[in-house]
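Inspection log for the structure reproduced underneath, given as structure tokens.
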Amino acid sequence: MNDKYLLFLLISTLLWSCNSTEVRDLNNETVKYSDLPQDVKNVVFEPYYSDPNDPDRSTFFIDLNNPTRYTEVSKQSFLPWIYDSELHRIDDGKVFKLNFSDEHGYKIVVLEDFLFIPQHSSIWKHDSSSYTFSKFNLKKN
């Protein structure tokens, strides 16, 4: 009986992990600032965004879709001072893990099923013409 319980836990964990993807492993392309959709250009230089679930909280994530398709979730890792960020697609629960190295900034903008992240750690409006962004495809397969 104990073996059946362990097998159930193992299979459940395996199935749960199949619903997540590392964003950095998705199809992506580099886009110049001038080629960004206008809706993304309108918000990308804001210092932070208001969290739609908690107006007292600020975030670097914004979903420009109406209605919202994605939400950001921060989870504490095994070290209490480190948090891992994930994007969750609302309609099917698909999880996208946001693990990037230092070549990406902290702004996370979603429009339709595309994720836009600056390829620079800090961005300023007066330098906008020199910036490039990674555009990740979050579409369902």
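The values are calculated or read from the model by the stated rules, or taken from the named source; none is laboratory data. Values in this document were obtained by computation on a predicted structure and should not be read as measured data. Cβ coordinates were reconstructed from backbone atoms using ideal geometry, including for glycine residues, and neighbour counts include every protein chain displayed. Heavy atoms of the whole protein, side chains included, go into the accessibility calculation; ligands, DNA and RNA do not. Shrake-Rupley method; radii C 1.70, N 1.55, O 1.52, S 1.80 Å.
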Inset, instruction - Return a yes/no flag: does region 106-114 have any residue that is at pLDDT below 80 and either under 17 Å from the mean Cα position of the chain (by Cα) or aliphatic (A, V, I, L, M) (or both). - result: yes
Inset, instruction - Check region 60-83 and report whether any residue there is more than 12 Å from VAL44 (Cα to Cα), of a type outside the set (Ser, Thr, Tyr), under 13 Å from the mean Cα position of the chain (by Cα) and assigned to a loop (DSSP other than H, G, I, E, B). - result: yes
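Name every residue in region 41-58 that is among the β-branched types (Val, Ile, Thr) and in contact with a helix residue (DSSP H, G or I) (Cβ under 9 Å, 6 or more places away or on another chain), in order of residue number.
VAL44
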Legend entry - Selection from region 36-61 of residues that are among the acidic types (Asp, Glu), free of Cβ contacts under 8 Å to residues at least 24 places away in the same chain and open to solvent by 40 Å² or more (accessible area, probe 1.4 Å): GLU46, ASP54, ASP56
Inset, instruction - Would you mind telling me which numbered condition in (1) out of contact with any Pro (no Cβ under 6 Å at 6 or more places or on another chain); (2) surrounded by 11 or more Cβ atoms within 10 Å (Cβ to Cβ) GLY105 fails? - result: (1)
Inset, instruction - Output the residue which, of all residues in region 62-98 that are without any contact (Cβ under 8 Å) to a residue 60 or more places away in the chain and touching a His at 6+ places or on another chain (Cβ under 9 Å), is surrounded by the fewest Cβ atoms within 10 Å (Cβ to Cβ). - result: VAL73
Inset, instruction - Could you please let me know if ASP127 is over 17 Å from the mean Cα position of the chain (by Cα) and surrounded by fewer than 16 Cβ atoms within 10 Å (Cβ to Cβ)? - result: yes
